[in-house]
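Let me begin by presenting the structure, written as structure tokens, before commenting on it.
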Amino acid sequence: MTKPAARRSLFEPPDIGQMATATKIVLYTVLLAWSAFVLFPIYWLIITSFKTIAAVNQGPYFLPWIDFEPSLHAWKELFVNDYRDTFRAYFNSIVISLSATALAILVGSMAAYALSRVKFAPNLITILYFVGLLALTGVAVGIYDVDWRVAAATAIALFFFLARAIGRLYQLRLQNGDILFWIISQRILAPIVVVVPIYMMFQSVRLLDTHLAIILTYTVINLPVVVWLMYDFFNSIPRDLEESAQLDGATMIGIFREIILPLSRAGLAATTLLVVILCWNEYLLALFLSTNKAQTMPILVAAMNAGERGILWWTMSAVIMIMIIPVVIMAILLQKYIAKGILVGAVKG
């Protein structure tokens, strides 16, 4: 083979839709380098969990049985000496994250579908009246020690009897886009702004350090994410299918359950994984709302970080390893749907 022919075979693709040999070499080299760069922290985490105290403090050792002798002392400390705290925090994280995710997906997907298919036009003055009653209820309960059941019943009665009359005073109405923007604006709000009122609210109803308090808080915090993501997925589904089902006598709930949800499995999978990660890694809210019984894994890691002996890198590495296992398993199980969900809406027209 002559040099021009060899050069041509190296730089020209052999067929349509295929890459040239030189392009493959460059592409796979870059991908391998990037994979090594991304996976090295995980590798470092794994080997650190098997290092002794001396191996961690003396230098950057990379190869087990060559640079250092592996040890199980970090795992023994985690699962033998402190196994009660570890298993309790791990169990709490699983229960709270999965429960909050399921509740957020259930409520958020229905809200997103309603915003996608139903045209709302709420009266602005009625909404402000409702918010005012809600604020007065909080003041009555938090400052004047009024029983929350009495305050809530009074606010509901006032809203029920006076909302229509007050709404006639001002006719400016909101649209679906305004409602959607307001929902996502709640996620933009920093959690540190609302964590103290949330703490006081659950303290007044005696729900601090309970699973229910953290589940409800995580659900409300992550609802905007679910609504925003699922709204786009539902908009990508043709409405002809729903109109045909309506002609056959299907209700809106039946259409949502039998048609929309099966067609949006990719979006549900991607959104579910994202919400699970957000709940699993939440630290600030769990710190304020839990003390012992409902303590989650991020709180356990922070407690180890603030120990009297300083940062226990070997134990923290072992804890982080068991923390990422459920998320990795979910990502593997939902990989097919996540890949489809990422591509939804990428090509239009």
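The values are calculated or read from the model by the stated rules, or taken from the named source; none is laboratory data. This one's a predicted model, so the numbers in the text were calculated from it and none came from an experiment. Heads up, the Cβs are rebuilt from the backbone with ideal geometry, glycines too, and the neighbour counts pull from every protein chain shown.
Being at positive phi and charged (D, E, K, R) holds for only one residue in D145, D67, and it is D145.
Those residues that are surrounded by fewer than 21 Cβ atoms within 10 Å (Cβ to Cβ) and touching a Leu at 6+ places or on another chain (Cβ under 6 Å), I need them from segment 210-260; list them, please. Matches in segment 210-260: I237, I259.
Per-residue answers, yes or no, for (1) crowded, with 16+ Cβ neighbours inside 10 Å; (2) touching a helix residue (DSSP H, G or I) at 6+ places or on another chain (Cβ under 9 Å):
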| site | (1), (2) |
| --- | --- |
| G142 | yes, yes |
| V146 | no, yes |
| A152 | yes, yes |
| N176 | yes, yes |
| I179 | yes, yes |
| S185 | no, yes |
| L189 | no, no |
| I192 | no, yes |
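Filtering segment 91-129 to residues that are β-branched (V, I, T) and assigned to a helix (DSSP H, G or I) leaves I94, V95, I96, T101, I105, V107, I125, T126, I127. Evaluated against (1) within 24 Å of the chain's Cα centre (by Cα); (2) modelled with pLDDT under 85; (3) of a type in the set (A, V, I, L, M, F, W, C), L172 falls short on exactly one condition, (1). In the set (1) within 30 Å of D232 (Cβ to Cβ); (2) modelled with pLDDT of 75 or more; (3) surrounded by fewer than 18 Cβ atoms within 10 Å (Cβ to Cβ), L334 fails one condition alone, (3). Only residues that are more than 35 Å from the chain's Cα centre (by Cα), among the hydrophobic types (A, V, I, L, M, F, W, C) and part of a helix (DSSP H, G or I) were counted in segment 54-81, giving 2. Of all residues in segment 120-168, those satisfying the criterion of being within 24 Å of I179 (Cα to Cα) and β-branched (V, I, T) are I125, T126, I127, V131, T137, I156, I166.
Listed here are the residues, each with its yes/no results for (1) in contact (Cβ under 8 Å) with a residue 12 or more places away in the chain; (2) over 28 Å from F120 (Cβ atoms); (3) in contact with an Asp or Glu (Cβ under 6 Å, 6 or more places away or on another chain); (4) aliphatic (A, V, I, L, M).
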position: V150; (1), (2), (3), (4): no, yes, no, yes
position: A153; (1), (2), (3), (4): no, no, no, yes
position: L162; (1), (2), (3), (4): yes, no, no, yes
position: I166; (1), (2), (3), (4): yes, no, no, yes
position: L172; (1), (2), (3), (4): yes, no, no, yes
position: Q175; (1), (2), (3), (4): yes, no, no, no
position: P197; (1), (2), (3), (4): yes, no, no, no
position: N222; (1), (2), (3), (4): yes, no, no, no
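Against the conditions (1) within 18 Å of the chain's Cα centre (by Cα); (2) farther than 30 Å from A140 by Cα, I184 satisfies every one except (2). Looking across F37, F50, one residue alone is at pLDDT 80 or above and in a loop (DSSP other than H, G, I, E, B). It is F50. Counting only residues that are touching a strand residue (DSSP E or B) at 6+ places or on another chain (Cβ under 8 Å) and among the β-branched types (V, I, T), which one in segment 47-69 is surrounded by the fewest Cβ atoms within 10 Å (Cβ to Cβ)? That would be T52.
Does V95 meet the test of being surrounded by fewer than 16 Cβ atoms within 10 Å (Cβ to Cβ), in the same structural domain as I260 (by TED's automatic domain parsing), closer than 27 Å to F256 by Cβ and modelled with pLDDT of 85 or more? Please lay out each step first, then the result.
Numbers: surrounded by fewer than 16 Cβ atoms within 10 Å (Cβ to Cβ): yes; in the same structural domain as I260 (by TED's automatic domain parsing): yes; closer than 27 Å to F256 by Cβ: no; modelled with pLDDT of 85 or more: yes.
Against the criterion (surrounded by fewer than 16 Cβ atoms within 10 Å (Cβ to Cβ), in the same structural domain as I260 (by TED's automatic domain parsing), closer than 27 Å to F256 by Cβ and modelled with pLDDT of 85 or more), V95 does not qualify.
All of P14, P4 fail the test of being surrounded by fewer than 12 Cβ atoms within 10 Å (Cβ to Cβ), in a helix (DSSP H, G or I) and either at pLDDT below 90 or assigned by TED's automatic domain parsing to the domain that holds L312 (or both), apart from P4. L263 fulfils the conditions (1) more than 30 Å from A135 (Cα to Cα); (2) surrounded by 19 or more Cβ atoms within 10 Å (Cβ to Cβ) except for a single criterion, (2). One residue alone among L134, L106, L78 is loosely packed, with under 14 Cβ neighbours inside 10 Å, outside the structural domain of A318 (by TED's automatic domain parsing) and out of contact with any strand residue (DSSP E or B) (no Cβ under 9 Å at 6 or more places or on another chain), and that residue is L134.
Quick check on segment 202-224. Is at least one of its residues modelled with pLDDT under 85 and not assigned by TED's automatic domain parsing to the domain that holds S93?
For segment 202-224, residues modelled with pLDDT under 85 and not assigned by TED's automatic domain parsing to the domain that holds S93: present.
Do we find that F87 is at pLDDT 90 or above and in the same structural domain as I237 (by TED's automatic domain parsing) in this structure? No, not satisfied.
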